[in-house]
Amino acid sequence: MGVYNDRVLPRILNDAGGSKRLDPLRRRVCEGLAGDVIEIGFGSGLNVPFYPAAVASVAAIEPSDLSWNLAGERLRGTNVSVQRSGLDGQLLPFADDTFDAALSTWTLCTIPDAAAALRELRRVLKSGGTLHFLEHGLAPDERVRRWQRRLDPVQKRIAGGCHFTRPIVDLLRTAGFAIKEVDDFYEKGTSKIAGADSLGSALSP
Ligand SMILES: C[S@@+](CC[C@H](N)C(=O)[O-])C[C@H]1O[C@@H](n2cnc3c(N)ncnc32)[C@H](O)[C@@H]1O
């Protein structure tokens, strides 16, 4: 699994995540980001083209060297200052109250301890800072949930530890975020099992 996770999966995620059909979702989740921003699970920088001009800097947290390298062209095409600043969203190398905003897209499914990552985001966000999120997770319908539970073990193996069954909004609330807005929907063009999305923003009080 080492070679697959290190050399193959980042390319699959770059191709699948770079699909044009996802552009409107990436544009929506990035709307309103401003100031100094932290992005966890930066991947190959697929959100970079959608950073608003009001973003001053981005601290990118990403464990995969290949994903970071795949971001090269997008990084050269932006005026925003983006620095790879850490490898693990569960342990952020920043002081408390550092960032104005945070971004996470399709990442809380994969970080081993998503609750720890959200606690860390709360810690490094200034009071009143917002987390912009676009995540897939536990579906609203029990019939779909049953399939998500059945397929979770396979998904974890082939998709770098990704879970179908994480209750995203519950995790945010438990970490102390106040949901400002959330849109729950099934993503067009993918199965309901993988595409039960939550898109919104949450305030760090
Ligand atoms: C499904 S990809 C999403 C990538 C990107 N956010 C996007 O929207 O296309 C999940 C990302 O989370 C990263 N990741 C895995 N474990 C992580 C961790 N502990 N901390 C931060 N990122 C992690 C993976 O390397 C991968 O780039």
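The values are calculated or read from the model by the stated rules, or taken from the named source; none is laboratory data. No experiment lies behind these values; they were computed from the predicted model shown. Cβ coordinates were reconstructed from backbone atoms using ideal geometry, including for glycine residues, and neighbour counts include every protein chain displayed. When the accessible area is computed, the model is the full protein with side chains, heavy atoms only, and any ligands, DNA or RNA have been set aside. Shrake-Rupley method; radii C 1.70, N 1.55, O 1.52, S 1.80 Å.
Points to keep in mind about this one:
- Qualifying residue in region 6-27 (condition: surrounded by 15 or more Cβ atoms within 10 Å (Cβ to Cβ), near the ligand (Cβ under 10 Å from one of its atoms), farther than 23 Å from D113 by Cα and basic (K, R)): yes
- All positions within region 37-56 that are under 12 Å from D23 (Cα atoms) and β-branched (V, I, T): V48
- Filter result for S44 (modelled with pLDDT of 95 or more, near the ligand (Cβ under 9 Å from one of its atoms), buried (at least 17 other Cβ atoms within 10 Å of the Cβ) and part of a loop (DSSP other than H, G, I, E, B)): yes
- Count - residues of region 48-58 that are open to solvent by less than 20 Å² (accessible area, probe 1.4 Å) and either charged (D, E, K, R) or part of a loop (DSSP other than H, G, I, E, B) (or both): 0
- Of all residues in region 59-77 being open to solvent by less than 30 Å² (accessible area, probe 1.4 Å) and in a loop (DSSP other than H, G, I, E, B), the one that is farthest from the ligand (Cβ to nearest atom): A71
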